[in-house]
Amino acid sequence: INYGKRADHAEVVAICDKSPEALDAQRAAAKGLDIAFYERFDDFIEHDMDAVVLANYANEHAPFAIRCLKKGLHVFSEVLPVQNMKEAVELVEAVEESGLVYAYGENYCYMPAPYEMKKLYESGEIGEFEYGEGEYIHNCEAIWPSIAYGDPDHWRNNSYATFYCTHSLGPIIHATGLRPVSVVGFEGTKNARGLRTGRKAGQFGIEMVTLETGGIVKSIHGDLYKNSIWYTMYGSKGRMETGRQGMDKYSIHWLYQWAEQDDKTTDYAFYRPCVGGEPFEGRFGKVGQREYHAISDRGADAKSTFGHAGSDYYSMENFVKAIVGDESADIIGVYEALDMFFVGHFGYLSALDGSIPKKIPNFRNKEEREPFKNDTSCSILASAGEMPLPFSTKEHEEIPDSVYENIREKFEGQKERKQYGV
């Protein structure tokens, strides 16, 4: 709704949610707007519209995306694109057959500093990519009741450790435009903090990824104790890195670059956007004496107040641009989205197999899809059929019903307090 209010090229015409409370909240936010509300997707998809934004459970996006594409609707899919390889094949073929726009909502790619990294890399500032790291650490214990509800079958409680990998990996893949070709995966430790939330997997996952040029990326993500978002890239003539979340509230806006210039000297640049509408002035540091730069020329824009440092707005803006045929649209298409997902999937197969390298298929080639047309392997048992993956590489530890009951009670208490404004 907020995007529709702000943008001059799109409007929200219908909203669907199975939760009556969620719909009531959206009705309140949409006061004065002509928006239809639905509880059933079967009814919603019949509404007269051009595109659908999918923000359902992370393991359920593909079936809904495929239905929308077959209905003639463009699709913006939240994270993740699919939950298993069979869905990946079906999604690619639905996109190809429809000719419609599919955009993957990996919004971390559009955060100020990661997106500036993309612009600088494409301009050749640091040369050819050699090594990078992406880090997405989010200790979710405090919010677990509001995102998993005490449901033992919720995807968050049953997904393997490397599943949710695209926040850490995605910005580097999108910045370089390079395809991952192999991965070695690792599962982090299990501990009491994870078990008391009801999660069955280890606390974090790591993927060591080889790209098509031989460059290597380390991706780490999960529920370690202290939150952190951070990216770094090394090239043949320089490097750059973002600020690390936790330095201050603007840290993911910061970008530092050290690069070889024409005279073979190392120059240092500090990129930081305008904050609160006021541009930064002057110079920083003694090496290179380069001026401050405004990141992506959007620092003072009110659109940057949207969630995830403004990236929620800009990922959606590029989706709409693609629909209307704007050649400047920068979306994450279906092949790139699956490249990101495959790293986590094959990374887990690697971890299960003693952390040996696993080849990543290229789904741009139809012949590479064929072996996976019936591959339902995943750790969500309702979808895995006869190909279930274990929840963890570690010894399975039964989680008592009392853990989920406790989480459920906390969730119900949160709902009640919110209802009565406490």
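The values are calculated or read from the model by the stated rules, or taken from the named source; none is laboratory data. Just so you know, these numbers come straight off a predicted model, no measurement behind them. No Cβ is skipped: glycine too gets one built from the backbone with ideal geometry, and neighbour counts run over all protein chains shown. Just the protein is used for accessible areas: all its heavy atoms, side chains included, with ligands, DNA and RNA removed. Shrake-Rupley method; radii C 1.70, N 1.55, O 1.52, S 1.80 Å.
Side notes on the structure shown:
- Model label sites at residue 2 and residue 46, defined 7 Å from Cα along the beta-carbon direction, differ in position by 3.3 nm.
- With contacts taken as Cα pairs under 8 Å and at least 6 residues apart, region 101-209 reaches a relative contact order of 32 percent.
- Order by protection proxy (mean Cβ within 10 Å, highest first), peptides 115-126, 321-332: 115-126, 321-332
- Label-point gap, in nm, between residue 122 and residue 367 - each point 7 angstrom along Cα→Cβ: 3.2 nm
- Cα gyration tensor shape for region 300-364, rounded if a/c is under 1.5, else prolate or oblate: oblate
- Region 21-129 shape via C-alpha gyration tensor axes, a/c threshold 1.5: oblate
- Accessible area per residue for the chain is 46 Å², calculated with a 1.4 Å probe on protein heavy atoms, without ligands, DNA or RNA.
- Scoring 337-343, 32-38 by mean Cβ neighbours within 10 Å over their residues and listing the highest first yields 337-343, 32-38.
- For the chain, convex hull of alpha carbons as volume per residue, Å³: 161 Å³
- For residue 70, a cut-off of 28 angstrom between C-alpha atoms picks up these lysines, skipping any fewer than 8 places away in its own chain: 18, 86, 321, 366, 373.
- At q = 0.15, 0.16 Å⁻¹, base-10 log of I(q)/I(0) for region 96-206 (Debye sum, equal scatterers on each alpha carbon): -0.83, -0.90
- Heavy atoms of residue 258: accessible area, 1.4 Å probe, square angstrom to 10: 70 Å²
- Region 90-133: C-alpha pair distances exceeding 16 Å, %: 58 percent
- The convex hull defined by the C-alpha atoms of region 1-79 has an orientation-averaged projected area of 5.3 nm².
- Model label zone, residue 141; criterion: amide N under 12 Å from point 7 Å along Cα-to-beta-carbon; scope region 389-414: none
- Only Cα pairs under 8 Å and 6+ residues apart enter the sum, and on that basis the relative contact order of the chain stands at 19 percent.
- Using heavy atoms of the protein chains and a probe of 1.4 Å, the accessible area assigned to residue 378 is about 0 Å².
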